[in-house]
Amino acid sequence: MAPIQSSETTESIRQRILEMARERFTHYGYGKTAMADIAKDADMSTANLYRYFGNKLDIASACARGCIQESLDDQRQAIAGGQLNVEQKLLKLVLTMIDHSHENISANTHINETVAMITSERPEVVHEKLNAQQEMIMEILAYGNATEELNIKDITGTAKTILSSLILFDVPIFIGLYTKEEFEQRARNIVRLLMKGLRAN
């Protein structure tokens with residue numbers, strides 16, 4: 001077991017632990033991964049690992065937050081700028097959700113196990129993601145009001161309802177049920193229907 005270099009910062013050590021843990025969870029699943037396994041992969045003792053994370057669930061939560069942040073960053077980038085209209089922005093948001101979900105499920109056959117654990121034991125992680133996505137939808141609706149494409153009075157409530165209709169495209173357990181092309185077509189149909197209702201409003 002190689003000793004940790006003294007030049008490493010606490011944050012770099014934490015990131016190395018998370019990288020090793022993510023590989024373990026991906027390959028073996030959450031249930032079959034032990035703290036001792038992660039410690040070995042990260043070239044440290046199990047006792048030393050506990051200096052950085054209290055337990056395996058803490059590590060899994062941090063991994064989930066990192067993955068979620070990557071997805072949210074991609075979604076924000078997809079809807080950025082004023083070149084797109086409201087419908088295009090909303091569709092871009094959903095298609096980016098689908099891209100990320102498909103990448104995760106194809107690279108990690110055990111992802112549903114970890115997602116179920118996080119949802120059950122650390123629901124605040126999921127709520128943070130949903131709140132961030134709701135804020136993005138609110139920004140799209142506010143943009144639509146500003147460009148006079150829309151006239152939405154209750155932006156918060158409307159965004160919450162729209163997000164509820166889009167959850168299907170952002171939950172790994174559903175991804176294996178359809179091809180990516182089928183999901184994308186469903187997304188286009190739902191966005192088209194949503195926009196019809198929003199414009200009528």
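Observations, loosely collected:
- Helices (runs of 4 or more DSSP H) within segment 1-112 that include 2 or more residues in the same structural domain as Ile190 (by TED's automatic domain parsing) and in contact with a Ser or Thr (Cβ under 6 Å, 6 or more places away or on another chain): 56-79
- Within segment 169-178, the set of residues being under 14 Å from the mean Cα position of the chain (by Cα) and surrounded by fewer than 20 Cβ atoms within 10 Å (Cβ to Cβ) comprises Val171, Pro172, Ile173.
- Restricting segment 12-26 to residues that are over 12 Å from Phe53 (Cα atoms) and free of Cβ contacts under 8 Å to residues at least 40 places away in the same chain leaves a set whose member that is farthest from the chain's Cα centre (by Cα) is Ser12.
- Candidate set from segment 107-121 (those that are closer than 14 Å to Glu23 by Cα and not β-branched (Val, Ile, Thr)); member that is modelled with the lowest pLDDT: Ala107
- Failed condition for Asn151, given (1) part of a helix (DSSP H, G or I); (2) touching a residue at least 12 places away in the same chain (Cβ under 8 Å); (3) surrounded by fewer than 18 Cβ atoms within 10 Å (Cβ to Cβ): (1)
- Taken together, the residues in segment 32-57 that are free of Cβ contacts under 8 Å to residues at least 12 places away in the same chain and not hydrophobic (A, V, I, L, M, F, W, C) amount to 4.
- Here Ser165 passes the criteria (1) under 20 Å from Glu70 (Cβ atoms); (2) modelled with pLDDT of 90 or more except the one numbered (1).
- If you go through segment 52-89 and pick out every residue that is closer than 14 Å to Met136 by Cα and under 17 Å from the mean Cα position of the chain (by Cα), you end up with 10.
- Check on Asn145, free of Cβ contacts under 8 Å to residues at least 24 places away in the same chain, assigned by TED's automatic domain parsing to the domain that holds Ser106, closer than 22 Å to Gly82 by Cβ and assigned to a helix (DSSP H, G or I): yes
The values are calculated or read from the model by the stated rules, or taken from the named source; none is laboratory data. Given the structure is predicted, the values throughout are model-derived calculations rather than measurements. Methodologically, a virtual Cβ is constructed for each residue, glycine included, from the backbone with ideal geometry; neighbour enumeration extends over all protein chains shown.
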